[in-house]
Structure formats: C-alpha cells, structure tokens
1. Please enumerate the residues belonging to segment B:119-135 that are buried (at least 21 other Cβ atoms within 10 Å of the Cβ) and more than 17 Å from C:ILE33 (Cβ to Cβ).
2. Looking at segment C:48-98 only, could you name the residues that are surrounded by fewer than 14 Cβ atoms within 10 Å (Cβ to Cβ), among the aromatic types (Phe, Trp, Tyr) and assigned to a loop (DSSP other than H, G, I, E, B)?
3. List the number of the failed condition for A:PHE81; all other conditions in (1) touching a residue at least 60 places away in the same chain (Cβ under 8 Å); (2) open to solvent by 60 Å² or more (accessible area, probe 1.4 Å) hold.
4. Looking only at segment A:102-117, filter to residues that are open to solvent by 10 Å² or more (accessible area, probe 1.4 Å) and within 28 Å of the chain's Cα centre (by Cα); which one of those is farthest from A:GLY158 (Cα to Cα)?
5. Would you mind finding the one in B:LEU235, B:LEU264, B:LEU258 that is modelled with pLDDT of 80 or more and more than 19 Å from B:LEU23 (Cα to Cα)?
6. Going by the structure shown, is A:LEU120 open to solvent by less than 40 Å² (accessible area, probe 1.4 Å) and of a type in the set (A, V, I, L, M)?
7. Given the options A:GLU336, A:GLU271, A:GLU320, name the one that is at pLDDT 80 or above, on the phi < 0 side of the Ramachandran plot and charged (D, E, K, R).
8. Of everything in segment C:262-272 that's within 10 Å of chain B (Cβ to nearest Cβ) and within 15 Å of C:PHE103 (Cβ to Cβ), which residue is surrounded by the fewest Cβ atoms within 10 Å (Cβ to Cβ)?
Amino acid sequence: MSERSDLLSARGLVKRFRSRSLLRGGQTTIALDAVDLDVHPGEVVALIGESGSGKTTLGKVVTRLTGLDEGQVLFEGEDLFAVDRGELRERRRSFQMVFQNQTANLHPKMSVREMLDESLRLHRPGLGEGERRQHADELLDRVGLLPRADQRPASLSGGEKRRAGLARILATKPKLIVADEPTSGLDAAIKLQIIDLLKQLKGEKLTYLLISHDLGLVRRIADRVLVMLKGRIIEEVPAPLLGQTRFHHPYTGRLMRAADLARDRRRPPRERRDPPRVTRPDEAEARGGCVYSPDCALAERLGILSRCRRERPPAQVVGESHWIACFGAPSELAEEDE
Amino acid sequence: MGDSRLRVGLYLSGTVVGLVLLLGVIAPFVPYDPADAVDYDQLLQAPGMGHIFGTDGQGRDVAMRLLKGTEAFFLPGLMAAALATVFGALCGAVSGYAGGWLRGGVLGTMQLIDTLPRLVFIILVCTILNPSIYLIAFVAAVLFVPSIATVIRRRVEALGSEDYILAHVAHGFRPVRILLYHILWLQCRPLLIRQATYVFGYVLFVEVALSYLGDYGVQEPDPSWGNMVAQARGLRGVSAWPWAVPAVAIVVTIAGFLAFGNLLARADEEEVR
Amino acid sequence: MSRAARLAIAALRRAAGGLLLLVGATFVIYITIRSAPGDAIDAISPMGTPPDVKARLMEEFGLDRDPFTGYIAWLMRSLFGDFGESLVFSPGAPVMEVVLPAFGRTLLLSASALVACLILAILAALLLGEPSRRQQLLTGPLYVATAAPSFVVAVVFVQFVNWGIKAFLVEGGYVPPSWYPLEMYTESLVPYVFAGLTLIAGDGLFMDFFNSVRADLNALRNAQFIAAVKAKGARTLGHIARNMVMPLLSGYAARLPIVLGGVVIVEYVFTLDGGGYVLLEAARERDFPVVVGLSVLFTATIIAVNLLTDIIRALVDPREVAHGG
C-alpha cells in the first residue's frame, strides 16, 4: 500500500480463463479479479487461501509465466509485460519461482550437480569450469545436499528434491522467490527442515512471495499475509496477528477454524456453521458483490446480505498494516469469532 | 520385466543391429560383378566350404549376394530414418509446444499425411515417377513423420502439463533450448531411436516388397534381398537355401531393429522409474 | 442441449473434418501426378497409347489446365466415382467397375483378419494373463516370427503349402501350372484363409494386438474404479468390456493402414483377385486410371474408418464429445 521502494508492485491484475468448447459455449472463469500486490525488499509475503482461489495464478502472473488480461506488474519499477522476450529472460534471474510440482523443477535425466552446472553456465557466463564446480558445491552446501550431489531426482526423497530445486534457484542470485507450496506433501520432520532452510535463506536478504495453505509455515516465516478468495484479496494481516487478532474477515476466520480442527483431531468438530461450498448464488451476483456473501453467516446475522451480494466491499483498515474487505464494521467482525 | 531378460534382449537385438550396420558399411568396398559371379558348374549348391549359404539357380554365391544386397536398403534406410526422425521430432515438438495456427497447421498436415495408405502411395509414386530407391526412401520418411510427431507431441504435452516447460522458462532458459535439449535430446532420445528403427525396418520392407514385385527397386542381376527371394521362388521343391537365407535375413533384420528400439525405450523408462 | 443433439453436432463436425481430409489427400495424390518429370501425359500412359486416348487422359486428369483448376475438375469427377476408363488391365471398362468388386474383397479380407486377430489376441491375453517364466521365454521367438513383413510370411506360407499342405489339399499327382500352387483354389476359401492368417501373423499385428489387449486388461484389473465397482458389489466384466472398447477401437484405426499395406502384398503373393492385386497389376501395366482410382479408394477407406471409430468412441465416452475434434 505504501509508495516506498517496492521490489514488486502489481496493480489491478485481471486474469480470465476461457474454456474453449463449441458445445458448452465459451465459459469464462475469473482467476484474478482486480488484484493489487506490493512486495518490499527483504520481506516475506504469504498468500493463503483454498485451492482454486487464484494464488498460483497470481504467482505466475507476477513472474510473467502466464498472460494478463488487465493491469500492470512492476518489478523494480519496470513494467514486466512491456519488456521484450530477450530482456525478460535476463530479468528472470531476479525473480525465480519454485513450482509446487517437484518433478517440474528438476530434470529427471540430470544429476543435481549437472543441473546446477547448467544453471550457472546460463546465469554466470563469466565463470570458468572450476569456478562453476566450486560454486555449485557452495550452493549444495547451503541447502545441505552436498553428499547427494551426483544423484538424479528419481533417487532423491521429497525433501531432497525441494532442496535441489532451491539450490538451482539460488544459482541465479534471485531478489525475489515465488515459492508455490514449498512444503506440500512432506512429512512433519522434513517440513520443519525445509522451513528452517527457508528461514535461514530469508536471513540472507531474500524476498519471498510464499504461496501456501500451510498456516503453520506461514506463521513461522511470513511478515505479511494476504488472504485470497475466488481471485480477490480479501484481507491483509501482519503474520504475527494471524489467528491472534479478533478482527478477521469471516472467510479468514473459517480458514483458521478449519486449520485448527485439522491440527487436533481429538477435538470433536464444533458447530457446523460453515456450509462446505464457497460462492454460487449466482457466482455472487456475477461477481458484482462479495464473493463470500453466499456463505457468510455474518452478513446474514447483520441483515446486510442483499448489499453484500450487489456491491463489492471496499478495504477497511482495522489496524496497522491490517485491512479487511467487508461491509461489517470492525466491532461486528470481532463479534463474529465466537 | 526382469532386468536380466531386458539386457539379454538388448544384447541379442543389438548384435543383429550391429551386424547389419557392419555389413552395410563394408558391402560397398567389396568388389562384386554379378555377371562374373554366374557359374553353371555350381548350381544350387548346399551350404558348405566355399559357399557358406550355398549357391542360387545361376550358381552365384548366396552369402555374397546377401552381403551386396544390403546396399539396396542400407543407405536409403539410414537416410529415411534420419529424415523422418528429425522432421518428426521437430513437428511433434512444435505442435506440442506452440499454440494457435502453427499448432493447427502442423497437426492438420500430419493428419493429412497420415491418411495416405503408405504402401499404396509408394506404389503410386513408383508408377508415376519410376524413382530411385532414394526417392522411395524419402517418400517413406515423409509418410512416417506423422506417427513420430504424434509420439513426440504426446511426450511434450505430458511434460508441459507437468509445469515442466514452465519451470524451465521461469528459470530463464530459452524455449528453443528447452525444446531441443531438455525435452528432445534428454527426454525423447530413446523414443526417437525406437522410431528410427521402425523407419529403417520399413525401408527394408519396402525395398524388399518392390523388388519382389519385380518392376521397381533393384533389378537383376544386381542383388537385393527382395529380388533374391523373388528369383528363388521358382526353385520351390528343388532347393530351399536361395530363398530361405534372404527371407530369414529379412525377418531377423526387421525383428532385430524393432526389438532393439523397443527394448531401448523400455530400458530407459525403467531407469527413470 | 440434449445429448443426442450434441452427438449429432460432434458427428457432423467430424464428418466435415473427414471430408476436408479427403480433399486434402486427393490433392496430394493429384499433385504427385502433376509432379511427373517431363510431360506428365507420357508418364501416366503406357507405351504406344493412341493419341486420342492420350487426349482423353489429358482432359480427365486436367493436365491441360493449371494444377489448381485441373485438380478441381478431376476432383469433381472423382467424387462422383468417375475415374475414367481402364487402359490395359481391362481395356475400356469404367475404372469403378473394375476396381470396386476387387476392393470389396480386399476390405472383407482385411476386416476379417482384423477381427480374427483381435479375437485371438483377447483369447491369448485371457489365457496367458500374467506371463509366467516359460511364456516369457516364448515371447522372444514369437516376437521375431510376428515382426516379419506379411509378404515374407506369405512367401513362406506358399512354400509350405507347396511342400506339405499340398498333399493334404490336393489328391496327389497335381502339378502346379506356374509357380503359384493355389491357383486352382481361388474360387474356394482356402487361399483367403491363408491370406488372412498371413495378415494376422505378419507386420507384428498379432503381437501388437496381444500386447495392447494384455496391457489394457492388466491396467483395468488394477484400476481403482474397478475396485470401487467391486466394492459396490456390481459385476466387473461389463465395466472392463466397456472401457476396453475405446482403446481397442483406436487401435483398430491406427492399424488399418498397416493392414491395408500388408493386404496389397499378400493378395499379390496369393494371387487373390483383390484391390491390392489389381493395384499392383495395374501399376505394372501402367494402367494409370486404375492405379489412381484405387489409391483414392484406399485413402477414402482409411479416412472413413477413422471417422467411424471417432464417432463410435464419442458414443461410448461422452467426454469425447465435449473436446471436439
């Protein structure tokens, strides 16, 4: 929201997916709906939300891995969608993406060291053979993968694959890392190791855009949290406050409760206030209104449902670096939780 | 499938492939005058010293004709295999990676070529152009491009859907490098080798078929495996060697090449897994 | 939209695509004709063709016009089955009259061979199931045997027929008039059966079908939805059959060009009076209208069969409809 030196600044991003089928007619899905996003140097911004909320799409748009229908992405003040392809490839060094799909980050036919060597050859053309090797070893050491350097991905464990993917990304000396679910599919102990590694790298002046629905990970390393729903950011909250403050968007509250329930299975499920669906009546009046309104108990209680369905709620500030896109007043929001 | 069985199969078929390649390479350097080889004192000899595969109806050494017969298909086969593989790989990569009119255009062309009945079309070309075996091999190569392109396109699409290409683009690699090196060279090599062995086998098949039919391909007295079988068919009941030897050579060569390609691709799959 | 309407639209779209392919393929054939070196008319007429016949050929193939309008004129005739008159093979007879009955026999032979091959493959796959060690040892030689080009198999068949089976079929003392031993049986089914067997055994067809049927069966046995169906207590056989139809149909479509290639040679070796035999004889005698007519027929058949399998696939699997061709 501020104008101080942003690493990444995106304004009014709109992305639609059209299903091309003559029989069904072109159905349009809105993946991003007027999204603004700022990332400052050295911070970790987390995007949370259910699958299908547009997190990954946002990650891909701000790294220009997919097209954009409207809006603007500035990386270090430069319009990312205006640079030509050759320049874009140069820029890519500065912003790297870790894909959720681990097989995508690694080449099945190359050993970790070969992959690093290839990356260094591309991104540090000045280095000689020996220097590259030395450099690769340093990188491997940083992610703790030195003993497994000559393995191919097939013989690496899930955690090792993440480390290898990270090492390869670090080879470009990126300023921003977009990490899509860096801990998904890992068991608890390995997950902690990866979190530690990410934290340690954060200490080395790295900036992250972290895409995750792992709230534990987010609380541990994020500075700011953005909550996404149906292609919109509906809340921004400082990470330490996540789940600690009484002010939350009703949807964020629901996410928190779901996570709490998931963490402690012994506790019997609380009252089933939340219906399992998110949005429909009809796609919240064709998205003119709040996308959470059809599920929103608060709107129902406050009797503002018809307004919520018709108007898009503006962001209202409820604290420092904390805003919520909701028509409910802060006091009413606070009452919602319990 | 057991590892050892796979290896045995690879060795066996690899030996066949190696042997055929060896024969193909040395054949042009062996002097041979078909007219000179006729020897009416040595008609239809059974295999033995001097003639390891016996002699044919004109007393010519079957082994020698078998060796020289490789010239009829060897170079054309290699050429067709190389052409079909390169063009098939490119078309497959382009149609798997690109979108829009380029993809549509390539796919349409591939579909079009694929509807032509291969052998019938080759015979049509033969009737009109009375072509050399090289042109026939070229036509065969073109006819095989679609099936190779389809195999490669599926692989590229499968990889693309795994965010695979995207991850490499994101890393800053040029799409051309990703396509040519990461995908075609590193990932599709065994597939391409398999397709190349198919095409090579098919050229042998076409050469043999055309020679057998008589009017096209290599003409007597120059030897080819096809016209050896054709020549010897009149000898049924008299001597089996003149037709059995080339027939076995044909079958073993084609089967050997196909098996080699298949097993290589399978070994590669198992290695990744 | 109702399901029937969707299917109809999908079928129509595919039919239009098929027609487009046919036009494209005939254009390729036509351009091949035009690409003859020197005077195209000399390339396509047999030696000693009288000038008036040459003039007629010129006109029929549009050689007196530019390739494009020439093609249109030729296509218009061809689409209505007018491929001109045979020159040598059966002088003066309309090509279609010469070619159609023969081609019908070819189709019958190919189709029966395919069906028989499929049945054999299914039987073999069901009987063998998971390959035991001994069966594995058998696959090697079997593989070699079935990778043989069909015409090599045909030649071997003819040899064996002459040596062994002849005694069985013919009551002694029969001396074949020329090199071909089965000539007297052309009226009977025997050579057709042999030709069919040759087609099945040749070009790796059987092995191909066998492998894909076995793979499909195994995949289906392990498929999760089968477990789900079993868990519900329903019978699995129907589901397996239904889910096998699709891959096998596409297998059919993919194999047809190979079978049609094999059948040409096999007919020639067995001298069966089919499309392939006529094609090769006509090619040899440079009876050009017959060669072109048959080429178009073969191509049209491949397109038609692909179209048919496409449509049947759409009927079996509703998802296919949505994706369009």
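1. B:LEU119, B:ILE133 - these are the residues of segment B:119-135 that are buried (at least 21 other Cβ atoms within 10 Å of the Cβ) and more than 17 Å from C:ILE33 (Cβ to Cβ).
2. Once the filter is applied, which keeps residues that are surrounded by fewer than 14 Cβ atoms within 10 Å (Cβ to Cβ), among the aromatic types (Phe, Trp, Tyr) and assigned to a loop (DSSP other than H, G, I, E, B), segment C:48-98 yields only C:PHE80.
3. (1)
4. This residue is A:PRO108.
5. Details: B:LEU235 fails: modelled with pLDDT of 80 or more; B:LEU258 fails: more than 19 Å from B:LEU23 (Cα to Cα).
Just one listed residue meets the conditions, B:LEU264.
6. Numbers: open to solvent by less than 40 Å² (accessible area, probe 1.4 Å): yes; of a type in the set (A, V, I, L, M): yes.
Considered against the rule, which asks whether it is open to solvent by less than 40 Å² (accessible area, probe 1.4 Å) and of a type in the set (A, V, I, L, M), A:LEU120 comes out as yes.
7. Working: A:GLU336 fails: at pLDDT 80 or above; A:GLU271 fails: at pLDDT 80 or above.
Matching residue, one of A:GLU336, A:GLU271, A:GLU320: A:GLU320.
8. Of all residues in segment C:262-272, those within 10 Å of chain B (Cβ to nearest Cβ) come to C:262-265, C:268-269.
Within this subset, residues satisfying the condition of being within 15 Å of C:PHE103 (Cβ to Cβ) are C:263-264, C:268.
On the way: C:VAL263: 31, C:VAL264: 29, C:TYR268: 23.
Per the stated criteria, the residue is C:TYR268.
The values are calculated or read from the model by the stated rules, or taken from the named source; none is laboratory data. As the structure is a computational prediction, the values presented were derived from the model and not from experiment. In this analysis, Cβ positions are derived from the backbone assuming ideal geometry, glycine residues included, and neighbour counts consider all displayed protein chains. Keep in mind that these areas ignore ligands, DNA and RNA; they rest on the heavy atoms of the full protein, side chains included. Shrake-Rupley method; radii C 1.70, N 1.55, O 1.52, S 1.80 Å.
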